[in-house]
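The values are calculated or read from the model by the stated rules, or taken from the named source; none is laboratory data. Since we're looking at a predicted model, the values are computed, not measured. Cβ sites come from the backbone with ideal geometry, for glycine too, and all protein chains shown count toward neighbours.
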Amino acid sequence: MTESAVHPALWPAPHASGAVDATVTVPGSKSVTNRALVLAALSSEPGWLRRPLRSRDTLLMAEALRAMGVGIEETVSSSSSVAGGPDGSGEAWRVIPAGLHGPVTVDVGNAGTVMRFLPPVATLANGPVRFDGDPRSYERPLTGVIDALRVLGARIDDDGRGSLPMTVHGGGALDGGPVAIDASSSSQFVSALLLSAPRFNQGVEVRHTGALLPSMPHIRMTVDMLRAVGAQVDEPETGGEPNVWRVSPSALLGRDLTVEPDLSNAQPFLAAALVTGGRVTVPDWPLRTTQPGDALREIFTAMGGSCELTEHGLTFTGSGRIHGIDVDLGEVGELTPGIAAVAALADSPSTLSGVAHLRLHETDRLAALTKEINELGGDVTETADGLHIRPRPLHGGTFHTYDDHRMATAGSIIGLAVPGVEIENVATTAKTLPDFPQMWTGMLGA
């Protein structure tokens with residue numbers, strides 16, 4: 001009897017029999033969807049999100065806002081698919097702001113955006129809001145948000161842990177003002193304060209005081225989305241003071257937003273083209289975006305592929321060879337698992353750096369990648385801030401995911417080239433990409 005028969009949670013990763021040639025429609029961005037939900041909930045008028053991502057993380061955000069009093073109505077056009085078309089047809093969420101209230105308990109799951117973006121929102125509620133989640137959520141850092149909110153006038157009970165579970169005692173308003181934080185462990189600390197800042201009495205001035213700030217594209221995304229709903233934001237990249245962001249108090253406008261495809265979730269499909277020497281097209285890839293996943297065009301091209309971006313989307317083509325890479329992924333850390341998987345199949349060593357903060361993500365991603373690739377015969381070593389990967393012939397085996405969606409997709413990439421790889425708990429991909437197993441087999445023509 002095979003191990004997968006004994007353990008039904010094991011998913012046999014499909015092995016590619018030849019070059020992939022597919023068009024893959026990728027659902028909406030989680031990062032955009034959850035930021036848009038927060039901004040719409042804090043606006044002065046109703047707004048629309050078209051083609052939002054429906055995944056565990058985004059549904060947790062929507063349910064949390066509903067519990068605090070926000071109206072979120074879901075509609076699906078009968079004339080198009082749930083995913084929607086380029087004109088924004090298909091699924092849409094109408095967000096109707098309302099007075100926020102407690103008492104209520106919010107389930108954050110293991111969603112960094114929910115556990116960090118919503119405590120500032122909860123300070124504006126009338127009544128206590130308790131935050132709880134998966135066991136791993138208790139281990140993820142929240143001190144930056146908790147300490148900052150206390151400086152800005154909030155009352156929070158966390159029993160001194162600096163992490164979940166905790167209760168925010170909303171007073172219906174928050175003073176706001178200047179605050180200094182160390183956001184070197186997560187850029188979400190900065191985004192969390194900026195998103196709610198227009199509703200604070202004095203707005204906010206956030207000053208980052210720590211080491212290098214990771215995932216800067218996500219902060220740029222927050223700033224762009226704030227400006228799109230009428231907020232005034234001063235930031236370092238537009239002539240402001242380095243490591244300082246200022247948001248003025250103001251009303252936010254409701255808007256009609258069509259959510260971009262999630263470019264980070266496109267990664268495994270582009271990787272499939274690289275690994276198999278095939279071709280994958282992702283429709284509606286934006287010509288301009290703040291999503292970190294856009295860096296895949298440059299990174300995967302350097303690893304042996306080529307791409308063409310048009311107004312219709314991105315087509316990525318593999319050359320049949322995979323080259324190692326020496327790359328700083330500090331701004332795009334979430335891409336590390338997929339890049340590590342491809343690097344394990346390359347013809348030369350790779351060094352991935354700038355991602356020490358991944359030890360604090362859904363799991364310790366650096367330790368997890370090292371263990372799982374090495375157990376398939378690989379040669380990966382952790383460095384102070386990343387991984388060094390020396391390609392070796394790999395063999396089949398169980399690839400554990402640690403309830404981390406990007407570990408599951410990384411193992412699936414390796415499985416394309418290595419027969420006998422079985423993914424433990426592939427269902428964890430529902431965190432951001434609910435239909436991944438079906439999309440993956442569909443890409444292969446199964």
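Key figures for this structure:
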| read-out | value |
| --- | --- |
| Among the residues listed as G160, G177, G170, the single one being surrounded by fewer than 17 Cβ atoms within 10 Å (Cβ to Cβ), modelled with pLDDT of 95 or more and outside the structural domain of D364 (by TED's automatic domain parsing) | G177 |
| Test set (1) within 19 Å of the chain's Cα centre (by Cα); (2) of a type outside the set (D, E); (3) under 25 Å from S137 (Cβ atoms) - I423 fails condition number | (1) |
| Members of the range 361-411 that are part of a helix (DSSP H, G or I), in contact with a strand residue (DSSP E or B) (Cβ under 9 Å, 6 or more places away or on another chain) and among the small types (G, A, S) | A367, A408, A410, G411 |
| Counted residues, the range 276-296 - those being assigned to a strand (DSSP E or B) and either out of contact with any Gly (no Cβ under 8 Å at 6 or more places or on another chain) or modelled with pLDDT under 95 (or both) | 1 |
| Subset tally (residues that are polar (S, T, N, Q) and buried (at least 24 other Cβ atoms within 10 Å of the Cβ)) for the range 398-411 | 2 |
| In the range 424-446, the residues that are closer than 18 Å to T276 by Cβ and outside any helix (DSSP H, G or I) | L444, G445, A446 |
| Conditions (1) surrounded by 20 or more Cβ atoms within 10 Å (Cβ to Cβ); (2) in contact with a Cys (Cβ under 9 Å, 6 or more places away or on another chain); (3) assigned to a helix (DSSP H, G or I): number failed by L358 | (2) |
| Count - residues of the range 180-208 that are of a type in the set (S, T, Y) and modelled with pLDDT under 95 | 4 |
| Residue within the range 297-306 that is surrounded by fewer than 19 Cβ atoms within 10 Å (Cβ to Cβ) and part of a loop (DSSP other than H, G, I, E, B) present | no |
| Index of the failed condition, G153 passing every other in (1) among the small types (G, A, S); (2) touching a helix residue (DSSP H, G or I) at 6+ places or on another chain (Cβ under 8 Å); (3) over 24 Å from V355 (Cα atoms) | (2) |
| Single match in I423, I414 (criterion: in the same structural domain as G324 (by TED's automatic domain parsing), over 28 Å from P135 (Cα atoms), crowded, with 24+ Cβ neighbours inside 10 Å and not aromatic (F, W, Y)) | I414 |
| Which listed residue is more than 21 Å from P103 (Cα to Cα), within 23 Å of the chain's Cα centre (by Cα) and touching a residue at least 60 places away in the same chain (Cβ under 8 Å), from S196, S191, S187 | S191 |
| Within the range 61-107, strands (runs of 3 or more DSSP E) holding 1 or more residues that are of a type in the set (S, T, N, Q), in the same structural domain as R199 (by TED's automatic domain parsing) and at pLDDT 80 or above | 71-76, 104-107 |
